[in-house]
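Working notes, structure below.
The values are calculated or read from the model by the stated rules, or taken from the named source; none is laboratory data. Quantities reported herein were computed from a predicted structural model and do not represent experimental measurements. Positions of Cβ are generated from backbone atoms using ideal geometry, with glycine treated the same way; all protein chains shown enter the neighbour counts. Heads up: the accessible areas ignore ligands, DNA and RNA and are worked out on the full protein's heavy atoms, side chains in. Shrake-Rupley method; radii C 1.70, N 1.55, O 1.52, S 1.80 Å.
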Amino acid sequence: MSVTAFAPQTEARLALARKVADAVLFEGYVLYPYRASAAKNRLRWQFGVLVPPGWGAEREEHAFQHTECLLEPKDGAVLAVELRFLRARRRTVQRARADGDFETVPELRLADRVLVPWDEGIEERVEAVVPVADLLTGDVTVPFERCAGTAHETVRDPAGRPAGRTVNRYAPLAGRLRLSARELDGPYRVVRLTAVAENTSDWTPPAGHAADRDAALPRSLVAAHLLMAVDRGSFLSMTDPPEWAGGAVAACRNLHTWPVLAGEPGRADVVLSSPIILEDHPAIAPESPGALYDATEIDEILALRTAALTDEEKREARGTDERAAAVIDLADSLPPEVLERLHGAVRGLREVTRPAAGTGFPDEHGVPRPDTPWWDPAGDEGYDPGHDSALVAGRPAGAGSRLVLRPGLRRTDAQDLFLRGRTATVEAVLHDVDGAVHVAVTVDGDPGADLRRAQGRFLYFQPDELAWPGERA
């Protein structure tokens with residue numbers, strides 16, 4: 001096996017794919033409102049967490065990811081693999097004492113931020129460069145270790161005097177990356193590539209103690225994923241493979257991850273194997289002003305809400321993590337034209353064509369539907385809500401009629417039941433496309449009746465829920 005630095009061309013292709021991979025790496029890293037005290041930031045890192053095998057054996061978490069994908073290599077092809085993950089660095093906060101020593105505290109309040117205990121994510125990489133021919137003759141294993149360690153960082157007040165310090169502790173962890181390949185039978189030269197990333201740390205909870213997930217995280221590979229690039233050849237899409245490769249793709253086994261084509265659109269020489277479901281050639285929206293660490297939200301909403309945090313909330317966020325501080329600074333500095341750009345974008349347009357006359361669109365059974373639309377707008381011409389009437393107890397009622405509300409138990413909500421017996425004035429009579437009749441009313445004595453009329457916001461009842469005054473229920 002040959003393990004060397006990535007070739008310049010390969011590094012350039014991987015650099016483009018890393019922009020999306022970074023979104024995977026930091027997905028959910030710290031969520032709005034970006035404070036450690038927020039409830040949703042107390043249970044962190046939900047994707048791609050490879051825990052120590054001795055801890056995860058009886059839990060719903062895994063110690064490995066297994067990726068299989070198809071590769072069409074050319075002669076002399078070289079495969080570059082990059083395992084990326086976050087390593088949790090546990091931070092405690094200490095305050096300086098008068099005697100020059102330090103004491104651990106739940107928070108350290110400074111002029112610009114509030115420091116609190118927190119797990120910081122430090123990016124780690126394991127790289128391997130292997131000729132494909134070597135993988136076809138035997139498996140390749142790349143073990144790696146990260147040692148325990150402690151680092152102190154002094155925190156100073158505005159005058160430059162030591163106000164305290166942070167104590168950052170690393171736990172030891174170990175893992176390995178296993179690579180193999182097998183050429184498939186058939187007329188095409190196709191190789192099934194297998195890549196397994198696993199946590200091999202021997203840590204187990206102390207005897208007699210049930211360690212929780214928080215204790216296992218510093219010894220875990222967090223947000224683990226793989227980038228793979230081939231210099232001569234191409235990968236096949238696992239999502240949309242060519243027809244001849246459908247069976248081979250279906251036979252591939254992917255556990256706790258899924259490979260998609262990545263990098264430059266139109267090329268197939270880079271794969272991202274991600275614990276988050278993605279499409280081929282995923283991309284970061286060009287309008288996005290920066291990392292907000294929460295792909296389940298909308299950049300515009302997050303930016304506006306973050307900018308609206310109080311000064312005290314921003315101080316705590318800035319003390320939570322450097323990345324959270326960067327989000328606060330970003331939200332405070334976005335100019336109006338950038339915010340406007342976040343409001344929406346059209347990614348592409350395509351022509352919409354109609355089916356041939358007489359055929360219509362097929363239904364769920366493949367039978368063409370008739371051309372007749374389900375609703376003909378021209379049919380509305382015979383209706384006038386302001387002058388139409390509906391039969392209530394055999395008599396026509398229209399705009400201006402005074403009726404008694406008698407909602408029953410069917411199709412009635414609790415609010416309507418409170419109005420039973422009240423009189424109301426009919427404002428309009430409407431017919432829907434299914435032929436049902438709805439009587440729009442305002443309740444007599446409602447102080448907001450004029451406002452409802454101006455806005456066209458009425459209460460709606462069907463004719464059998466109404467009666468004329470004086471009629472017995």
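A few points about this structure:
- Using θ = phi - 60° in the Karplus curve 6.51 cos²θ - 1.76 cosθ + 1.60, the 3J(HN,Hα) couplings for the stretch 173-181 round to 8, 9, x, 7, 10, 10, 10, 7, 8 Hz; x is entered for Gly and Pro.
- By accessible area with a 1.4 Å probe, ligands and nucleic acids excluded, highest first: order of H225, H281, H256: H256, H281, H225
- Length-normalised contact order for the chain - Cα pairs under 8 Å, 6+ apart - percent: 17
- Most to least accessible of H431, H387, H438 (protein chains only, probe 1.4 Å): H387, H431, H438
- Net length gained if the chain between W468 and E312 were fully extended (0.36 nm per residue, minus Cα distance): 50.1 nm
- Here the Karplus relation 6.51 cos²θ - 1.76 cosθ + 1.60, evaluated at θ = phi - 60°, turns the backbone of the stretch 129-135 into coupling constants of 10, 9, x, 4, 4, 5, 5 Hz, with x for every Gly and Pro.
- For the stretch 198-240, a crude dipole built from +1 on the beta carbon of Lys and Arg and -1 on the beta carbon of Asp and Glu, taken about the Cα centre, is about 60 debye to the nearest 20.
- Other residues lying with their Cβ under 13 Å from the Cβ of L108 contribute a combined charge of +3, Lys and Arg counting +1, Asp and Glu -1.
- Per-residue SASA entry for I284, accessible area with 1.4 Å probe, Å² rounded to 10: 90
- Rounded tilt (10° steps) of 311-320 against the dominant C-alpha axis of the chain: 30
- C-alpha long axis of helix 322-333 to longest principal axis of the chain, angle in °: 40
- Inter-label distance, nm, simple model (7 Å from Cα along the C-beta direction), A251/E264: 3.3
- Once the trypsin sites (Lys or Arg not before Pro) in DSSP loops with at most 11 neighbouring Cβ atoms within 10 Å are cut out of the chain, the longest remaining piece is 98-252.
- Size of the chain from its Cα atoms: along the principal axes, largest to smallest, the extents are 93, 79, 52 Å.
- Calculated from backbone phi, Karplus (6.51, -1.76, 1.60) coupling profile of the stretch 11-20 in Hz, x at Gly/Pro: 4, 5, 5, 5, 4, 5, 5, 5, 4, 6
- Lysines whose Cα lies under 19 Å from that of K314, excluding same-chain neighbours fewer than 8 positions away: K40
- The helix-only estimate of mean residue ellipticity at 222 nm for the chain, built from DSSP H runs of length n ≥ 4 each weighted as -39500 (n - 2.57), is -4500 deg cm²/dmol after division by the residue total.
- Inter-label distance for Y383 and E153, nm, one decimal - labels placed 7 Å from Cα along Cα-to-Cβ: 6.5
- Remark: relative contact order (the stretch 241-338) = 17 percent; criterion is Cα-Cα distance under 8 angstrom and separation of 6 or more residues.
- nm² value of the averaged projected area, convex hull over the Cα atoms of the stretch 21-82: 6.9
- Exposure check, 1.4 Å probe, all protein chains in place: Y170 carries approximately 60 Å² of accessible surface.
- Value of Rg/Rh across the stretch 155-241 [Cα atoms, Kirkwood radius]: 1.24
- Summed side-chain charge close to D240 - residues other than D240 whose Cβ falls under 12 Å, Lys, Arg +1, Asp, Glu -1: -3
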